[in-house]
Amino acid sequence: MDIPVPAIVFDQVVKNFGALQVLKGISGHVNSGEVVAIIGSSGCGKSTLLRCFNRLETINSGQLLVNGIDLSHPALAPKQLRQLRANVGMVFQQFNLFPHMTVLENLTLAPRKVLGQSDKESTRLGRFYLDKVGLLPKAEAYPDQLSGGQKQRVAIARSLCMKPKIMLFDEPTSALDPELVGEVLAVMQQLAEEGMTMVVVTHEMQFAREVADRVLFLNQGQVEEEGPARQVLDHPQSDRLRAFLSRMS
Ligand code: ADP
Ligand code: MG
């Protein structure tokens with residue numbers, strides 16, 4: 001049997017915003033190649049936890065190790081931060097594409113500026129990942145010529161161009177019209193099947209059930225319930241999770 005390799009380990013992590021304690025000593029892990037869905041009510045700390053994983057937030061106490069980089073301390077060497085950002089991709093609810101650049105230019109910018117890739121190499125990779133998300137014909141289009149679903153697929157392709165080891169998704173389909181949700185989830189499912197390590201904050205319970213290996217249910221900054229996706233979603237143990245799931249369906 002393969003021994004699981006942790007991609008992310010968090011132990012007793014606390015995050016405060018002023019007097020407000022948002023993460024209250026939260027612990028868990030994400031193994032390499034695993035897809036973990038994070039679910040829970042609005043305001044329970046899902047985005048904050050995800051943002052700690054790529055150091056958009058700094059934790060107040062506890063241990064946090066992401067792709068071998070120790071994020072437990074307030075200080076982090078610039079080199080380690082660069083290494084972290086190169087290895088951990090993030091896709092948000094809002095796509096944040098540069099409106100004045102073509103789709104392909106959006107994809108090649110960071111690989112050229114951050115990874116030092118040549119125009120030729122970044123273009124080759126950009127086209128490869130655009131093809132992967134089914135949008136090669138849109139390479140020369142501008143973001144405002146795309147649907148929301150297409151924009152989000154471009155945002156995913158843009159992250160992939162950095163060759164991340166871990167992908168974080170924060171409600172990637174929440175801003176989309178319902179008929180566009182499926183095309184984005186399909187791209188994410190494909191990524192999962194190819195073995196990408198993924199942490200997905202989502203309200204798409206069907207996706208969590210079918211694609212995630214494990215589900216973490218957060219409640220007020222703590223893990224209330226966690227386990228294999230189907231076990232957690234089909235056989236909730238706590239009243240809180242039962243109530244949450246019945247609100248979702
Ligand atoms: P979720 O993603 O589960 O909806 P969040 O992690 O965004 O929850 O937020 C958890 C709590 O932390 C909320 O009460 C929110 O208002 C608060 N919060 C999040 N970010 C900040 C911030 N930068 N400053 C102050 N409070 C914040
Ligand atoms: Mg959120």
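At-a-glance table
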| quantity | calculated |
| --- | --- |
| Equivalent ellipsoid dimensions for the chain as semi-axes, Å, which come from the Cα gyration tensor, largest first | 30, 22, 16 |
| Net charge contributed by nearby residues that have their C-beta within less than 11 Å of Leu176 (K/R +1, D/E -1) | -3 |
| Rounded D (µm²/s) - the stretch 190-241, Kirkwood Rh over Cα pairs, Stokes-Einstein at 37 °C, 0.692 mPa s | 282 |
| Extension reserve of the Val114-Arg82 stretch, reckoned as 0.36 nm per residue once the Cα distance is removed | 10.6 nm |
| Full-stretch length increase - Gln94, Thr58 - with 0.36 nm per residue and alpha-carbon distance subtracted | 10.7 nm |
| Point-to-point label distance, Gln190-Ala19, nm (Cα→Cβ direction, 7 Å offset) | 5.1 |
| For Ser41, net neighbour charge (Lys/Arg +1, Asp/Glu -1) across residues whose Cβ lies under 12 Å away | +2 |
| Portion, in percent, of the accessible area of the stretch 101-207 that falls on carbon or sulfur, probe 1.4 Å | 48 |
| Inter-label distance, nm, simple model (7 Å from Cα along the C-beta direction), Arg124/Gln237 | 5.1 |
| For q = 0.14, 0.18, 0.19, 0.21 Å⁻¹, Debye-computed log10 I/I(0) when each Cα of the stretch 30-136 counts as one equal scatterer | -0.76, -1.11, -1.16, -1.24 |
| Lysine pairs within the chain, Cα separation less than 22 Å, 8 or more sequence positions apart or different chains | 19 |
| Shape of the stretch 112-200, Cα gyration tensor, a/c cut at 1.5 | oblate |
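The values are calculated or read from the model by the stated rules, or taken from the named source; none is laboratory data. As the structure is a prediction and not an experimental result, all values here were calculated from the model. Quick reminder, even Gly has a Cβ in these numbers, built from the backbone with ideal geometry, and neighbours come from all protein chains shown. All accessible areas refer to the heavy atoms of the entire protein, side chains included, with ligands and DNA or RNA removed. Shrake-Rupley method; radii C 1.70, N 1.55, O 1.52, S 1.80 Å.
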